[in-house]
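What follows is a set of notes on a single structure, which appears directly below.
The values are calculated or read from the model by the stated rules, or taken from the named source; none is laboratory data. No experiment lies behind these values; they were computed from the predicted model shown. Positions of Cβ are generated from backbone atoms using ideal geometry, with glycine treated the same way; all protein chains shown enter the neighbour counts. To get the accessible areas, we keep the full protein, side chains included, count just its heavy atoms, and leave off ligands, DNA and RNA. Shrake-Rupley method; radii C 1.70, N 1.55, O 1.52, S 1.80 Å.
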Amino acid sequence: QVLKEYFGPDILVRLSVFHALQQGQKKIVIDGPRIIEEAEAVTKMGGTLIAVIVDEDPTRDQHIRRQRIIDRAAADPTRIADVGNFDQREAIEAAKIERIVEMATMTIVNDGTKEDVIEKMKKQIKM
């Protein structure tokens, strides 16, 4: 948090991208930017913002994501707190996440298995 206060809310994205580029990486995936400045940093640095959603409708998207967390918690009771954490995070971040999704130049619908969405991502970024 101190870094963000001193260097700006997008500092972690900028540092991560800089480090990856220094390591010779050409394609970089940043999972789950939660603030608009992070998403903007991606585009300012020449990156492409790709939204991974479960449904085009934000309300259904949120409902499906919450249900997935409930299902995981049912299978693994140690994850029951994840449901409450999701609800708290969504209350604060839902509008920001919608805005970030709107900023994206590409959208991938995550309506299958983990392997399916990984394949869709690979095709989009041509890995």
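Okay, helix-only estimate at 222 nm for the chain: each DSSP H run of n ≥ 4 adds -39500 (n - 2.57), divide by all residues, round to 500 deg cm²/dmol; what do you get?
Calculated at 222 nm, the ellipticity per residue is -20000 deg cm²/dmol.
Using Cα positions and a limit of under 15 Å, work out the aspartates and glutamates in reach of Lys44, with same-chain residues fewer than 8 apart set aside.
Straight-line reach from Lys44, under 15 Å: Asp10.
Take every Cα-Cα pair in the chain and report what % of them are more than 22 Å apart.
46 percent
Before I look further, what does the chain give for accessible area per residue, probe 1.4 Å, in whole square angstrom?
70 Å²
Keeping all protein chains in position, work out how much accessible area Lys122 exposes to a 1.4 Å probe, and write it in Å² to the nearest 10.
Around 80 Å² of this residue is reachable by solvent.
Provide the net charge surrounding Val54, with neighbours chosen by a C-beta distance below 9 Å and charges set as Lys +1, Arg +1, Asp -1, Glu -1.
Combined, the nearby Lys, Arg, Asp and Glu give 0.
Which of the aspartates and glutamates could a cross-linker span from Lys4 if the Cα-Cα distance has to be under 20 Å and same-chain partners fewer than 8 positions apart are dropped?
Asp31, Glu37, Glu38, Glu40, Glu93
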